Amino acid sequence: METDEPKSEARTHMKVFVTGATGFVGSWVVAEFIRQYPEAQLVCLVRPTSNLRWLQHQPVILFTGSLTDPESLLPALEGVDYVLHIAGVTKALHIADYYRGNVAATQNLLEAVYRAAPDVQKVVHISSQAAVGPSPSPEPIDESHPCHPITDYGKSKLESEKIARQWMDRLPITILRPPAVYGPRDTDVFQVFKNLKWGIELKIGGREQWVSIIHVFDLARGIVLAATHPASAGETYFVCNDDVYPWSHITRLLQQIIGKKAVTLSIPYPIAYGAAAIIEAVAYLRRKPTILNRQKMREVRQPYWGISNRKIKQQLGFRQSISLEEGLRQTFQWYLEQGWL
């Protein structure tokens, strides 16, 4: 991946601390940081139970600690130049889990950074479009739009942003809000690929939905850029593709890429909501949270989820480098190669 942004003022010999590095987005951010700054020392926070498959071949330092315990983070944060806070709870069995994993964790991390590395150059906090909530029309909203999250996940991400802003007078913090993220290693949007491969398109409700989206490679570039660009401190940015897409356009492109015409199954919203409640109950009994829950149905019911990347383009020079069609094609190919499809 070639980048078209001017090189920032980041040093090549620098220490970077990453939370969420074992996950879908975090693992690609690690790879992108190493690609741009091969001399950088990356310290990745892991748990004893973390699956390390995406980090196995990366030249990183694995540090075992917990975001629930600020003291455990201090040794790894000493002398750090950049902190990338990518970890977060996106699905949970209890509402409290969102606040523990997104709000308290952010407070604990920033407290530890301030104690161990008060001269840190940048902390990047990854929030979400969900913190803002749906947009009122197909016209993409910008960062000045009032926040009205409609799920507990979104509310917890908004609270985590408030924590980050409370620390901005002491630490150089940048907040990024990505929309739906897709690409190799993703398991959420993957379900859409899987359904279409089977020849089925699930459509909930009768209305078209307009969405913003971003390929994980472009998001990774955006995160590295926000970290290393001196002008990003104290700012909040949406980071997404240039266009807002009708969902039918995305699924039509995917059908062309897969080479299979799908049968559309239209599910009335009340039935979908009821099914989500059952799936949620089963997940609770199995003690395994699911993203297919009643709160997700609330999001699906909203017709507009459009955001603008104008601010991050103008202020930091961010550019979308992967077209929607290219990204979907590349992701589909990866799923095939990995045997996921």
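Where a number appears in this text, it was derived from the coordinates with a stated rule and is not lab data. What you see is a predicted model, and the numbers here were worked out from it, not measured in a lab. Cβ sites come from the backbone with ideal geometry, for glycine too, and all protein chains shown count toward neighbours.
Between ALA277, ALA130, ALA220, find the one with the highest GNM mean-square fluctuation for the chain; connect C-alpha pairs within less than 10 Å. Per the Cα network of the chain with a 10 Å cutoff, ALA277 tops the list.
The phi torsions of region 72-88, fed into the Karplus equation with coefficients 6.51, -1.76 and 1.60 and a -60° offset, translate into couplings of 5, 8, 4, x, 6, 8, 4, x, 6, 9, 9, 10, 10, 9, 9, 4, x Hz, rounded to whole numbers, with Gly and Pro shown as x.
Taking the charge dipole of region 206-341 about its Cα centre, with +1 at Lys and Arg Cβ atoms and -1 at Asp and Glu Cβ atoms, the residue from ALA233, THR331, PRO289 reaching farthest to the positive side is PRO289. Using alpha carbons only, how many angstrom separate the centre of region 85-159 from the centre of region 35-84? Taking the Cα centre of each part, region 85-159 and region 35-84 sit 20 Å apart. Using a cut-off of 18 Å between Cα atoms, the listed pairs LYS91/LYS155; LYS15/LYS122; LYS203/LYS296; LYS197/LYS288; LYS157/LYS288 include LYS197/LYS288; LYS157/LYS288 as exceeding that distance. For the peptides 40-47, 285-292, 151-158, the ranking by packing is 151-158, 40-47, 285-292, with the highest mean count of neighbouring Cβ atoms within 10 Å listed first. Put a plus charge on the Cβ of each Lys and Arg, a minus charge on the Cβ of each Asp and Glu, and nothing anywhere else: the dipole of the chain about its Cα centre is then about 1060 debye. Only Cα pairs under 8 Å and 6+ residues apart enter the sum, and on that basis the relative contact order of the chain stands at 20 percent.
Cβ crowding within 10 Å ranks LEU324, LEU62 as LEU62, LEU324, fewest other Cβ atoms first. For the options ILE173, ILE204, ILE86, a Gaussian network treatment of the chain with springs between C-alpha atoms closer than 10 Å singles out ILE204 as fluctuating the most.
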